[in-house]
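Participant: One structure, as structure tokens, below. Some questions next.
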Amino acid sequence: VSTSTSRRLPEPNASRVIARLAAPSPGPTLICVTALHGNEPAGLTAIRRVTQRLADSKLLRRGTLWGLIGNQQALAVGRRFIDRDLNRGWGRSTPGSSAASAHSAEDSEQVEVWDAIEFAKHQSTGPVFLIDLHTTSGRGKPFTVFADALACRQFALVLPCPIILGLEEHLEGTLIEYATRRGLVSIAIEGGQHTDPGSVNALEASVWLALRSCRLIDRLSEVASGYTLLEREAAGLPRAVEVRARHAVTPGDGFRMHQGFATFDRVRIGQLLAADRAREIQAPRDGYLLMPLYQEQGDDGFFIVTSVRRIWLVLSRLLRAARADRIAAWLPGVRRDPDHPDDLVVDRAVARWVALELLHLLGYRKLCEANNILRVTKQHD
Ligand SMILES: [Zn+2]
């Protein structure tokens with residue numbers, strides 16, 4: 001797999017660039033992507049507010065800030081996507097490198113977005129950070145999602161809102177996971193409901209905190225008030241949660257979430273949550289509800305998450321800092337895939353006692369499981 005493109009990178013299309021602000025001094029780059037889903041314009045307003053303030057007052061101290069629109073065609077018509085979800089299908093190869101690409105609206109969007117990100121990365125004189133701003137169809141408090149590499153986790157923890165672990169095992173091929181594998185410290189931020197003005201405020205607060213965390217700005221009042229806003233939104237919520245269940249929606253199954261549910265609502269096992277043509281759908285376990293689906297497009301009906309104990313976060317950080325992942329391949333029934341050195345193949349019949357939780361602790365995530373064979377891959381740090 002080639003990580004750099006042989007094509008000369010074009011200057012990003014002006015209509016895709018919301019802002020490009022460079023400070024007088026060199027430094028890190030923060031790339032803010034928004035509207036990867038075309039029906040989520042809140043991030044666009046948030047980025048415009050921040051860049052307006054920075055441009056007016058020359059508060060950018062070092063480095064470069066980019067604001068990029070994800071799905072321009074879907075944004076123009078206010079739909080999540082035209083042909084396919086642009087926040088899926090970020091596979092192992094570089095967009096545009098396969099001959100089969102550029103058949104749908106999103107194929108060309110994907111190539112352009114990645115080219116713009118690569119362009120920003122090549123221009124950078126320091127480390128590159130990426131935040132991907134989203135909103136949800138249902139109501140709910142802000143939270144962050146990332147591929148659980150330590151650097152990304154650290155970046156996410158700058159925001160005082162719940163972090164979601166393990167979502168990447170359910171959402172195949174997101175932009176942030178792809179970008180993380182290519183060396184960008186990346187997180188996605190969910191700000192709240194699509195049309196709620198509070199979502200714009202939450203996403204704006206997140207951008208200020210990210211700017212400060214990357215040291216592009218000094219301590220400003222916006223950073224302090226942004227922190228207070230997000231902290232207030234997260235009051236009473238766990239610091240970290242883990243995905244325990246996902247309800248998959250298939251096109252035409254008539255899935256309908258019952259009214260009134262919001263992200264981080266507590267649910268009990270057996271509680272009626274939704275219905276489709278075939279049956280009533282109950283909560284498969286106790287926990288918190290995440291991202292109940294209240295729009296037509298989307299493959300995820302809802303997720304159930306449970307809180308993660310703080311000791312787990314500490315332990316996993318220590319084990320990874322000690323590079324304990326190297327011992328994983330020595331375990332009986334576990335072997336490294338020679339074609340993909342980051343992947344482990346676990347024979348469950350032999351390695352019965354190797355739990356996925358242990359592999360999570362060592363920094364691996366599940367790719368797939370079938371016929372007693374579990375495949376996991378290492379999260380990049
Ligand atoms: Zn989204």
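Participant: What does the charge count near Leu133 come to, summing +1 for each Lys or Arg and -1 for each Asp or Glu among other residues with Cβ under 10 Å from its Cβ?
Facilitator: Around Leu133, the surrounding residues sum to -4.
Participant: Summing Lys, Arg as +1 and Asp, Glu as -1, what charge do residues with Cβ under 14 Å from the Cβ of Ala262 carry, Ala262 excluded?
Facilitator: -1
Participant: With a 1.4 Å probe and all protein chains kept in place, how much accessible area does Val111 have, in Å² rounded to the nearest 10?
Facilitator: Approximately 30 Å² of Val111 is accessible to the 1.4 Å probe.
Participant: Still on this structure: Straight-line reach from Lys378: which lysines have Cα under 16 Å away, leaving out those fewer than 8 places along the same chain?
Facilitator: Partners found: Lys366.
Participant: Continuing with the same structure: What is the spin-label model distance, in nm, from Arg326 to Ala55 if the labels are put 7 Å beyond Cα along the C-beta direction?
Facilitator: For Arg326 paired with Ala55, the spin-label model returns 5.0 nm.
Participant: Would you mind calculating the gained length between Ala76 and Thr195 on full extension (0.36 nm times residue separation, minus the Cα-Cα distance), in nm to one decimal?
Facilitator: The Ala76-Thr195 span can extend by a further 41.2 nm.
Participant: While we're on this one: So who's got an amide H within less than 5 Å of the one on Arg139, skipping anything under 5 residues away but keeping other chains? H placed 1.01 Å off N, in plane.
Facilitator: For Arg139, whose amide H was placed from the backbone, the distant partners under 5 Å are Thr263.
Participant: Largest first, what is the accessible-area ranking of Asp342, Asp83, Asp115 with a 1.4 Å probe?
Facilitator: Solvent-accessible surface, decreasing: Asp83, Asp342, Asp115.
Participant: Taking a ≥ b ≥ c as the square roots of the eigenvalues of the Cα gyration tensor of the range 122-226, is the shape rounded (a/c under 1.5), prolate (a/b larger than b/c) or oblate?
Facilitator: oblate
Participant: Another question about this same structure. For Met257, Met291, give the ranking by accessible area with the largest first, probe 1.4 Å.
Facilitator: The ordering from most to least exposed comes out as Met291, Met257.
Participant: Which order do you get for Lys141, Lys378 if you rank them by accessible area with a 1.4 Å probe, largest at the top?
Facilitator: The ranking, largest first, comes out as Lys141, Lys378.
Participant: Residues with beta-carbon under 13 Å from that of Gly226, excluding Gly226: net charge, scoring Lys, Arg +1 and Asp, Glu -1?
Facilitator: Once positives and negatives cancel, what remains is +1.
Participant: To the nearest 10 Å², what's Thr195's accessible area with a 1.4 Å probe?
Facilitator: Surface open to solvent at Thr195 totals about 120 Å².
Participant: Something else: Test of understanding: express the Cα radius of gyration of the chain as a ratio to 2.2 N^0.38 Å, with N the residue count.
Facilitator: The reported ratio for this selection is 0.98.
Participant: Continuing with the same structure: Can you compute the modelled spin-label distance between Val345 and Cys368, with each label point 7 Å from Cα toward Cβ, in nm?
Facilitator: In this crude spin-label approximation the distance works out to 1.3 nm.
Participant: Can I ask one more? Once you have the Kirkwood Rh of the range 258-302 from its Cα pairs, apply Stokes-Einstein at 10 °C and 1.306 mPa s and quote D in µm²/s.
Facilitator: The calculation lands on 145 µm²/s.
Participant: Counting heavy atoms of the protein chains only and a 1.4 Å probe, report the per residue accessible area for the chain as a whole number of Å².
Facilitator: Accessible area per residue: 44 Å².
The values are calculated or read from the model by the stated rules, or taken from the named source; none is laboratory data. As the structure is a computational prediction, the values presented were derived from the model and not from experiment. Heads up, the Cβs are rebuilt from the backbone with ideal geometry, glycines too, and the neighbour counts pull from every protein chain shown. Accessible surface areas use protein heavy atoms only, side chains included; no ligands, DNA or RNA. Shrake-Rupley method; radii C 1.70, N 1.55, O 1.52, S 1.80 Å.
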